[in-house]
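Each reported figure results from applying straightforward, stated rules to the coordinates on display, with no laboratory input. On a predicted model such as this, the values are computed, not experimentally measured, just so you know.
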Amino acid sequence: MLPALTGLVLVLCAGVAGLAAGYRSLGVVVPLAFLALVAVVVPVVAGRLRPPARRRRGRYTAEEIAGLDTEGLALAVTRMLRRDGWSVRPPSGERVRPRVRARHPRGHRLEVAFRPVAEPLPDEDPPVSLSRRADAGPPVLLIVHRGTFSARDARWARHRTGIRLMDGALLRRWADGTSLDRLIDLT
């Protein structure tokens, strides 16, 4: 660590000395040229760092979503829910499959389960209540899958109250910035 810090200090000192020498020999042109160079380099570097910044704001490309494992998808869903105004508990590590629990200021409660493969859905655990209030009712269970659910899965979910399915197409639209309440009926 000390050699790296020493090298950084030497590079910075050499840069300042070079600017000072250039100013003495050529005048104000050298510092202005340096500022112009910085004005060009900073946006280029910021552009290269943009994908991680987009992910922190809850926006993902289709390729980024496709490359995530189940834990990464849970983190992405957490960020997307926060982007949409939900208060979110991070994915719980006590289960084999992670779950994300969220609450919206309008009173909606949501529990998100993740499926690496769509089959079989009927073994899905019921959602865990986020509130101790008896009148709150169970949260909506959103089952997220990057692929496509079968017709059997859709029939199974349709006959269960409080269960919604989000396939890969809806997930990509959500990751791109569409609000969750525009994609899924949460009532």
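For region 1-71, the mean projected area of the C-alpha convex hull, equal to one quarter of the hull surface, is 7.9 nm². For Arg164, the residues whose modelled amide H falls within less than 5 Å of its own, excluding neighbours fewer than 5 places apart on the same chain, are Leu141, Leu142, Ile143.
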